[in-house]
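A short write-up of the structure that comes next.
The values are calculated or read from the model by the stated rules, or taken from the named source; none is laboratory data. Keep in mind that what you see is a predicted model, and the values were worked out from it rather than measured. Cβ: placed from backbone, ideal geometry, glycine included. Neighbour counts: every protein chain shown. For accessibility, only protein heavy atoms count, side chains too; no ligands or nucleic acids. Shrake-Rupley method; radii C 1.70, N 1.55, O 1.52, S 1.80 Å.
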Amino acid sequence: MARVSQEHLDARRRQILDGAALCFARNGFHATSMQDVLREVDLSAGAVYRYFRGKDELIHAIVTEVLDDVRAGFETTGLQTPPPPPYELVGIVMGEVLRERPGLRVDGTSYFPRLVVQVWTETLRNDDLAALIRDGFERVRAIWVKIVQGYQDAGMMRADADPDAVARTMISAAQGFLTQQALFGEVPVETLQIGLRGLMSMGEVS
C-alpha cells in the first residue's frame, strides 16, 4: 500500500479543522454535532476520527492554533527594536490572523470573528477551555508588557505609563474590534488602525 505523504496528512487535517471551525462559528459548539462536521468536510467518520477523537479535541485544537498564531504575530512583530507604533502593530497582527484563515471565509464574509465570540461564550461553561484561554491571554499580555517596555526604552511612550495597564487596553481594543465584526459585519482593519492613531494623537494637539 502506498504511503501517504505528510503534505497530504497536513492538508487533510487543515480541511477538518477549517470545516469544524466554520460549523462552530455558524451554530455554536453545543448545536454542532460530529455529523455536521462530517457533512461540512465531506469525509467519512473514519477519516475524521483518524485525526480527532471527537468534538472536544477539535475545539481544543482550533483554539490552541488561534492563540498560538496571535501570540506568534505579536512576538515576531512587536519585539522588534523599536517596536512598530501600537496602531500599526495591532493592525499588522489582526490582518495576518484574518488572512491566514481562508477556510473561514464564505462568499466574501469571514466567519473568524463569530468563531472567536463562540469560543468566549463557551469558556463560561467549559473549565478546560477557560483554562486554555486564560493561559493564552497571559502569554499575549506578557508579550505586550515587553512591547510597552520597548516603547519606553525607545522614548516612544511616557516612562510612567503602566505596562500592564497598556497591555490590557491594547488587547481589549483587538477583542472589541473582533466583537464588532461578529455582531455588525466586517470593517477593514485599517479602521482600527486609524482610530487608535487618532486616540494617540490627543497629546499632540497644540
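Results, tabulated for the structure shown:
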read-out: Which listed residue is over 25 Å from LEU178 (Cβ atoms), of a type in the set (Ser, Thr, Tyr) and touching a helix residue (DSSP H, G or I) at 6+ places or on another chain (Cβ under 8 Å), from SER5, SER33; value: SER33
read-out: Long-range neighbours under 8 Å by Cβ, at least six apart or interchain, first residue within 20 Å of VAL119 (Cβ to Cβ) within segment 31-46, second surrounded by fewer than 16 Cβ atoms within 10 Å (Cβ to Cβ); value: MET34/ALA45; MET34/GLY54; ASP36/ASN27
read-out: Matching residues, segment 148-167, being small (Gly, Ala, Ser) and either surrounded by fewer than 18 Cβ atoms within 10 Å (Cβ to Cβ) or over 26 Å from the mean Cα position of the chain (by Cα) (or both); value: ALA154, GLY155, ALA159, ALA161, ALA165
read-out: Total residues in segment 49-72, condition of a type outside the set (D, E, K, R) and over 24 Å from the mean Cα position of the chain (by Cα); value: 1
read-out: Every pair of residues 6+ apart whose Cβ atoms lie under 8 Å, when the first sits in segment 108-133 and is farther than 13 Å from LEU178 by Cα while the second is open to solvent by 40 Å² or more (accessible area, probe 1.4 Å) and part of a loop (DSSP other than H, G, I, E, B); value: THR109/GLU186; ALA130/LEU124
read-out: Residue, nearest to the chain's Cα centre (by Cα), within segment 73-85, restricted to residues that are more than 25 Å from THR123 (Cβ to Cβ) and open to solvent by 60 Å² or more (accessible area, probe 1.4 Å); value: THR76
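Residue-by-condition table, conditions (1) among the hydrophobic types (A, V, I, L, M, F, W, C); (2) within 30 Å of ALA142 (Cα to Cα):
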residue: ARG13; (1), (2): no, no
residue: ASP56; (1), (2): no, yes
residue: VAL70; (1), (2): yes, yes
residue: GLY73; (1), (2): no, yes
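Every residue, every condition in (1) small (Gly, Ala, Ser); (2) surrounded by 13 or more Cβ atoms within 10 Å (Cβ to Cβ); (3) within 18 Å of VAL117 (Cβ to Cβ), yes or no:
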| residue | (1), (2), (3) |
| --- | --- |
| LEU9 | no, no, no |
| ARG14 | no, no, no |
| ARG50 | no, yes, no |
| ILE59 | no, yes, yes |
| ARG71 | no, yes, no |
